[in-house]
1. For the chain, what is the charge dipole size about the Cα centre, in debye to the nearest 20, if Lys and Arg each add +1 at the Cβ and Asp and Glu each add -1 at the Cβ?
2. Within segment 377-397, list the residues whose amide N lies under 20 Å from a label point set 7 Å along Cα→Cβ of T527.
3. So for segment 85-145, Kirkwood radius off the Cα pairs, Stokes-Einstein at 25 °C and 0.890 mPa s: how many µm² s⁻¹?
4. Between the helical axis of 268-282 and the dominant principal axis of the chain, each derived from Cα atoms, what acute angle in degrees is found, rounded to the nearest 10?
5. On the protein heavy atoms, probe 1.4 angstrom, tell me the percent of accessible surface of segment 188-242 carried by carbon and sulfur.
6. For L339, L530, give me the order by solvent-accessible area with a 1.4 Å probe, most accessible first, ignoring ligands, DNA and RNA.
7. List the residues, sorted by chain then number, that are 5 or more residues from T259 or on another chain and whose placed amide H is less than 5 Å from its amide H.
8. Kindly express, to the nearest 10 degrees and within the range 0 to 90, the angle between helix 221-242's C-alpha long axis and the longest C-alpha principal axis of the chain.
Amino acid sequence: ASFLLLCFRNSLVAPLIFGLLLQPPLTQLSIVTQPNIVLLMADDLGIGDIGCYGNDTIRTPNIDRLAKEGVKLTQHIAAAPLCTPSRAAFLTGRYPLRSGMDAINNYRVIFWNAGSGGLPQNETTFAKILQQQGYSTALIGKWHQGVNCESRNDHCHHPLNHGFDYFYGMPFTLISDCQPTETPEMDRVFRKKLWLYTQMIGLVTLTAALGRLTGLISVHWKTLTCLAGFSLLFFISWFSSYGFVQYWNCIMMRNHEITEQPMVTDRTTPLILRESISFIERSKHKPFLLFLSFLHSHTPLLTTKKFLGRSHHGLYGDNVEEMDWMVGQVLDAIDKEGLKNTTLVYFASDHGGWLERQEGKRQLGGWNGIYRGGKAMGGWEGGIRVPGIFRWPGVLPAGTITDEPTSLMDIYPTVIHLAGGLLPQDRVIDGRDLMPLLRGTVEHSEHEFLFHYCGIHLHAVRWHQKDSGAIWKAHYMTPIFHPPGAGACYDRGFCPCFGEGVTHHDPPLLFDLLRDPSEAQPLSADTEPLFETIIRKIGRAIEEHRRTLTPVPEQLSLYNVVWKPWLQPCCGTFPFCWCDKEGEN
C-alpha cells in the first residue's frame, strides 16, 4: 500500500515540477508583455539637490521612495552639460555631435522657436520605435529640440514628427523672460551691448541734428535723414526679436496648436500635471510611453503659492519640493490605475545644476554635491553626473545601488529592448541596454569609455578599467574659473568650451574617480605608476572613437539659431501673435 501511495505521489509531483520548469520566470514574463514606460526628467537639477543623493534639507520623499523601491545609479552621466544637446542624446542614444546637435560656436542650445535648427528628421528617437511597436506615446513639458525648418507650419522638428502621438508643453525652454517680474535672462550680455550701440548711434544722430540746427556743424539734411534712418533700422533689427521674447519663445502648445502665447505662468504647473495624469488614465488599456519633461527646476523657478516659503533653500528649494510632489502625484496615478507592477519608472536630470545663476544674494541654481563644476561644463563631474533612478516592482531589485558608469544615452536601447523593438542598424548607437545591470545578472556596465564633450570640443574621457575596477578620467581642456578658485565662471554666467576661457592640458589632468570623486587631486607620473599607460590607452580610444564620426549638418550654426520671422509660431496673424485658449476653456 505504501508503495502504491508513493507511486501516486510521484505521479502528481513529477508533472508539477515539469510544468514549473517550463514556466518563464516573472521577470521574463513582465519583459515580454511590454511594460508601460514613464520617463521623468528634471531640468537643471543638481545631483546634490535630492534626499536619496545626500541632501538632508530639501524634502524629496517621493523621489526618495522611487530609489527605495528600485535601483539608484551613482555614476549616471549626461552626454552634454546643456539642455538641447543632452536631450538630443537622450532621445537618440547617440552623442549629440553625431546628429549635429552640439555647437561649433558659443550658441550651444536652440535660442528661438523661430530658429531653423533642431533634431534632424533622419534621427530615430526611442519614441518613434515604441510607436511602431504599438505604444501610445506622449511628451508633456519641455521639448527644446526645435520646431520648424522652412515655413511657419512645417513642424519638421516638432515632437509629433519624432514619434510622439501627443504633445502638450513648451516647444522651447523656460527662461526668466517668461516671467515679466524677473530680470531678462536670454542673451543678457549681448542684449546690453545692442542697447548700448543703439544709444550711441542715437546720440550721434541727435548731436549732428542739434549741430545743424545751431549752425555749429555743417551737415546736409540728407545725411541726417540717412543717419536717423540707420538708427531706426538698427533698433528695429534687434528689438523686433529681443524686445518680444515673451511672445516669441514663451508659448504653450497642444500638438500643433498654440494654446497660450505668451504662456500664463501661474497655471503652467497644474496644467502639465493634469495632462500627465490624464494621459495615464486614457492610455491604461495598452502599453504607453510617457515622457514627462519637467520645467522644474529651471529659472524663473515657477512655483505655485502652495509651495512658496516651504523649504530651507529659498525659491529654488521650494521649486524642487514642488517637483517632488508632482512626481508623487504621477506615481499615485500609476498606483490608482493598478499599473505599478507593469510600469518602469525612470527619474533623472538633463545635466548638472547651474552654479552661476544668481540674482543678488539669491542662489537660483542647483547644487552638485561633492562634485566639481556645474551646468555648461563638459568635463567636470558637477556638469554631467546626474541622478538616475529606476523602479519596476517584481523585476528590478528594490533598494539596490549601482556604482557602475552609465549614461542617459542608455535609456534608448533599454526601452527599445523592453518594447520588443530593434535598434537601427544604419548608425552608431552609443547607449547600452541597462536591464542586465539593473537586474543584477551582470556585474559591470558595458561602457569601457565615455567621451565628455563641451560643444564639439572633447574636454575629458572616462575609462572604466574592468579588470581592476578602477575608473580613470583624463581632462584635455578645462574652463578657467573666475574669480580664481571659485569653482565656476561667475564673470560670464556660463563657462565656455573653447578660446581664452579654457586651459589646454598636455599631458592631460588625470583623476582616479573612485578615490577622488571630487577631482581635487590630479595624478602625475610621479604619483601614479600607470600614468603613461593610462594616458596612452585613453589616447587610442579617442582615435578609435573619432573614426566613427561622420560630418553632418550643424543644427546649432549661427544661421540656424538666429530668429527668423517667417518661422515664428504664431497664434493669430504675424506679428500680432496672442491667444489664451486655456483661459477660454
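1. On the way: 51 positive and 56 negative charges, 137 e Å.
That gives a dipole near 660 debye.
2. 379-382
3. On the way: Rh = 12.6 Å.
Estimated diffusion coefficient is 194 µm²/s.
4. That helix lies at roughly 30 degrees to the long axis.
5. Working: 3080 of 4030 Å².
Using a 1.4 Å probe with all protein chains present, segment 188-242 comes out at 77 percent carbon and sulfur.
6. Values: L339 15, L530 80 Å².
Ranked list, largest accessible area first: L530, L339.
7. Those qualifying (amide H under 5 Å, at least 5 residues apart or on another chain) are M252, M253, R254.
8. Roughly 20 degrees between the two axes.
The values are calculated or read from the model by the stated rules, or taken from the named source; none is laboratory data. What you are looking at is a predicted structure, and each value in this text was computed from that prediction instead of being measured. Glycine gets a Cβ as well: all are built from the backbone with ideal geometry, and neighbour counts include every protein chain shown. Surface areas here come from the heavy atoms of the whole protein model, side chains and all, with no ligands, DNA or RNA. Shrake-Rupley method; radii C 1.70, N 1.55, O 1.52, S 1.80 Å.
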